[in-house]
Every structure is written in C-alpha cells, then in structure tokens.
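Worksheet: the structure to be examined is printed underneath.
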Amino acid sequence: MSSESFRQFPARNRLRCTFFINFHKMNSILKAAIRLNGIRTVLHPVKNLVSVSRPQNQILAARNLWYMTSIQSQKLSAIHSNLCSCGCGSRKGVHTKEISAEKELVEFLTEEILAERKAQKVKTIPTEIQGFTASLNGAEVTLTKKTDSELIKITFNVNNSVDTDAEPEVNENLDKPEIGELKSKPSFKVDLVRGDNTISVLCSFVPPSEQEDGYNDSFGIDELSIYSGEWNENVYSVSGEVLDSVRYLYDLILNYLEEKGLTNEFVDKLSEYSTAYEHSAYIGLLEGLSKFVAGK
C-alpha cells in the first residue's frame, strides 16, 4: 500500500487500518524468526554440545561471549550518544529551534481539517427529520413533534457514539484499502407527553450480529418508565429484558412506537443525522484546537 494513497484518509480512519496492517506484519516476522531458530537447532545440536564441553573451548566461548557483549555495548552507547536529548528518538540535529511542538501541532491540524472536510458528506445540518423538528445544544440533539393529543420528544447525545459497522478488510498490497465507514449510533430516549404524564422509553441500536433470524429491528428497548411531572431518581423503571420475558409485551410496545413514527426507516435516518452532526462537531473541535494552539 503506497503512503500517498494511505494518507488520503482522515487520521481517525487511518488509525484502525494501521493497527491491522502492523499486526499482520509483526505476525509474519515472528513466524519467520521462530522457523529460522528451529532450523539452526536441528542442524547443529551435537556440534554445539561437543565444542562447548571441552575446557579450552569453554574459555574461548566465554571470551567470545565477553567480546560480543562488549562490542554490542559500544554500539548501543554510540547509538544513544547520537540521539536527540529531548527523548523523541531522533538523531541529533533533526530538531531546530524554529520548529516547536505548537507549530507541528498546528500544521498537523491544518492537514487533518482539510482531510475531514473532504470526507464530509453533509455540509449543512438539516433542521427537520421526517416531521420532527431538530434543535441542537452542544453534543445534545432534541427532535420534537406535536400532535393534537401529545408531544413526542426524542433526545440523544453524539458524544462517544461513533463506530464502524464492521472491522475493515485490510490488504497491505492494495493501493486503496477498504475502511469501514464511521457511523454514529447513539442511545436515544423517547418521551410521549400527555398533559402532566409522560411515558419514557430508552432505546439503543441493535448490532447486526445480534439481530434474530426473521427480525430486522434497527433498535431495541432498554428501559421503560411512566411518571407525572418531572422525572426524578425515585421513578420506577423496568428493563427491556423483563419486558421481553412477558408474552407479546415487548413487541406490542415496539408496534406502539412505530405508530408514533419510530419506524426502522426513521431510526436509520436518525443515525444518518447523528453521523453528520457528530462529524461536523468533530471538525469544529479540531478548528477550535488549532486556533487555541496558534493563539488566535
């Protein structure tokens, strides 16, 4: 894989790909080393045993061992004496007074922001999703829809919500490796409000590996509660596992949410919206970090 084609990906995409490539290379090196050591042992077991058992050869072996150790120590000393005193591992003279950590960080951030903007699929965050009005507050997103009888409110947070759908298939010989697309799939809360009463349902995305045969639900129920007024820690809640143990109850609640507009299609759109907003927030963080370090 050429370095130029690899650098086209943003850093947080390259990180996952680099891990699998390095793991593959190290695994090959270890196998070769073990194989070579085994061949040497098979070829010279008797020769090594006889030669070392003789007294004169024991002295010679000890001298050779001392000599090799001494030479190796001199080489290590020479290497260490030529290393930069800052602890970076580079040789002396690599760093200059003009290059500072701040400048290096700003230069990296500039390149990374350009790469992320190039990879950005949605430039403008929509204000509506299938009849739900979106409002943004930092990392938190609130979707609301009013009907004649109730208010439907969906809230979620994009922090730590990004992952890939599957591990990337990495082939180090490919010029353009396949890297899994980063997607945001946050847990979300659905509040159905009628007057002073609220039904609150905590939901999360179901990984493809955990979906049962014959069922393709994009999300599942983690918790359900009902309360009057404001929620507090004394409000009783029941887990999704308990609901699932009661005949038909879990599925009936999912059907009820579907009638309110929370279909699989809508939840997939919610993931797309969250992915776009999280990516935009990530780029904004990089830009803010760059300005701070540059003193702007």
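Averaged over residues, the count of other Cβ atoms within 10 Å places the peptides 254-267, 124-137 in the sequence 254-267, 124-137, highest first.
Simple point charges give the picture: +1 on the Cβ of Lys and Arg, -1 on the Cβ of Asp and Glu, and for segment 201-262 a dipole about the Cα centre of about 180 debye.
All of the numbers you see were taken from the coordinates with simple rules; none came from a lab. Please read all numbers here as calculations on a predicted model, not as lab measurements. Quick reminder, even Gly has a Cβ in these numbers, built from the backbone with ideal geometry, and neighbours come from all protein chains shown.
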